[in-house]
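Taking it in order: structure first as C-alpha cells, then the write-up.
The values are calculated or read from the model by the stated rules, or taken from the named source; none is laboratory data. All values reported here derive from a predicted model rather than from experimental measurement. With ideal geometry, Cβ positions are generated from the backbone for all residues, glycine too; neighbour counts draw on all protein chains shown.
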Amino acid sequence: MSTARSKPAAKRKAATKSSNAAKRKAKASAARRPGATNQPKREPLVKVRNLKMHFPVTEGVFVPKVVAHVKAVDGVSFDIMKGETLGLVGESGCGKTTTGRCILQLEKVTEGDIIYDEVNLTTLDTKSMRPLRQRIQVIFQDPYSSLNPRMKIGEIISEPMMVHNTEPDQEARDKRVSELLTVCGLNPKFADRYPHEMSGGQRQRVGIARALSVKPEFIICDEAVSALDVSIQAQVINLLEDLRDEYNLTYLFIAHDLSVVRHLCHRVAVMYLGNMVELAECDELYDNPVHPYTQALLAAVPIPDPTVEGKRKHQIIKGEIPSPINPPSGCVFHPRCPIAVAECKKDVPEFREIRPGHWAACSQI
C-alpha cells in the first residue's frame, strides 16, 4: 500500500522539478535575449579594426610575379562582447571564413588590428601566440575531414590537453575525456571508437568536445552545422547554447542559414564581398533590415506555411557576385542594388550607426 501511495507523490515531485527547470530555462533565455532590460552590460572580448586580408595572385614559374590581389576581406570592423554569440552571415565567398581564420591567426593579415582581451594578436609571433590558443578554439565545418581517421576519439580529444599541458596525467586526461563526451551527449565508451564508426552528428559533437578540452573562453564556429541534417542541426545548436550558458563561452558563429543564426545569436553581422554591410541585434535585424542586401537575404528565407509562401512577393537580387580580384568602385553592392543612384558608383558608403546599436553601410538610408 505504501508503495502504491508513493508513486503519485513521485510523479508530482518529478513534474514539479521539471516545471521549475523549465521556468529557470525560460528566465535565463529571457535574460540573454537581445534587448532584454535585465541583460547586463558586456565588455568587448574581441575587437576587430579595419581588417584586410588580400591574397596575392601570381603568374610565372621560375620568377613568380604578383599581378593582382584577391580582396577576401576589405576593411571590416566589429566587436564581440564577453558571453555573447555574434552571427556572421553572407553568401559563399563573401569573406566569413577568412575573417574567422584571421582572428585565429591562421592567416597573416594584410592590414588592421585584432585585439583579444586587450592584446593585439597581429603583433604576436608563433611562440607568443601559443598561450592564447588555449583560450581561442574553433569548431570546423566538415566533421568528416576535421578528425584524424587514424586516431581514436579519446586520443583526438586528449591531444590538445597534452599540447597545452592542461592535464599532464594520463588518468586525469581519460577522466576529462569521459566528462566531455558525457557533456556533449555521447557515451563515454565512444572514446575507444574511430571517427568512421560514428555518424556526422556524433563526429561534430566530438569536434565540440575537442574544442572544450582546454577550457577556452572564445570559440569560432565555422559553419558548424551546415554539413548536418536538419534534425541533427537542432540538437547541435541546442548543445552549443547550453554549453555557452554553462561555461560562459563567447561564440563567433559563421553561417549562411539565417534561421539557425536567429535561434542562437545575440547580434548578427552581414557581409558582402569582403565588406560589412549591416550589424544589429538579432531581433532588430530580422524585424527591421535596412540594407537592400540584408532585405534580399531575409526575403529568400522560405516560410514553412505553403499558403503564406505562395502569396509572398519574392525579391530577387539581379546579376552575379563581382570578382573579389576586381571589386566595383564605390559601394560594392551597387551593381545589384535596386535603390542605387549615381553617387553609389563613386562614393564608398560609411559604416554608420543609423539607430542605437544598428549599423549599416548605405548612403541611401
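Points worth noting:
- Tally of residues being part of a helix (DSSP H, G or I) and either charged (D, E, K, R) or not assigned by TED's automatic domain parsing to the domain that holds E320 (or both) across segment 260-302: 4
- Matching residues, segment 179-212, being touching a residue at least 24 places away in the same chain (Cβ under 8 Å), among the β-branched types (V, I, T) and either over 11 Å from L147 (Cβ atoms) or in contact with a strand residue (DSSP E or B) (Cβ under 7 Å, 6 or more places away or on another chain) (or both): V183, I208
- Residue within segment 192-201 that is assigned to a loop (DSSP other than H, G, I, E, B) and hydroxyl-bearing (S, T, Y) present: yes
- Scoring K108 on the criteria (1) in contact (Cβ under 8 Å) with a residue 24 or more places away in the chain; (2) surrounded by fewer than 18 Cβ atoms within 10 Å (Cβ to Cβ); (3) out of contact with any strand residue (DSSP E or B) (no Cβ under 8 Å at 6 or more places or on another chain) leaves a single failure, condition (1).
- If the condition is being among the acidic types (D, E) and within 19 Å of M276 (Cβ to Cβ), then segment 303-353 contributes D347, E350, E353.
- When the residues of segment 160-178 are filtered to those that are free of Cβ contacts under 8 Å to residues at least 40 places away in the same chain, touching a helix residue (DSSP H, G or I) at 6+ places or on another chain (Cβ under 8 Å) and outside any loop (DSSP other than H, G, I, E, B), the one that is surrounded by the fewest Cβ atoms within 10 Å (Cβ to Cβ) is M162.
- Some residue of segment 257-267 being in contact with a Lys or Arg (Cβ under 6 Å, 6 or more places away or on another chain) and free of Cβ contacts under 8 Å to residues at least 40 places away in the same chain: no
- Every condition in (1) out of contact with any Leu (no Cβ under 8 Å at 6 or more places or on another chain); (2) more than 21 Å from L86 (Cα to Cα); (3) in a loop (DSSP other than H, G, I, E, B) holds for G185 except the one numbered (1).
- A single entry from D242, D192 fulfils the requirement of being acidic (D, E), assigned by TED's automatic domain parsing to the domain that holds I80 and surrounded by fewer than 23 Cβ atoms within 10 Å (Cβ to Cβ): D242.
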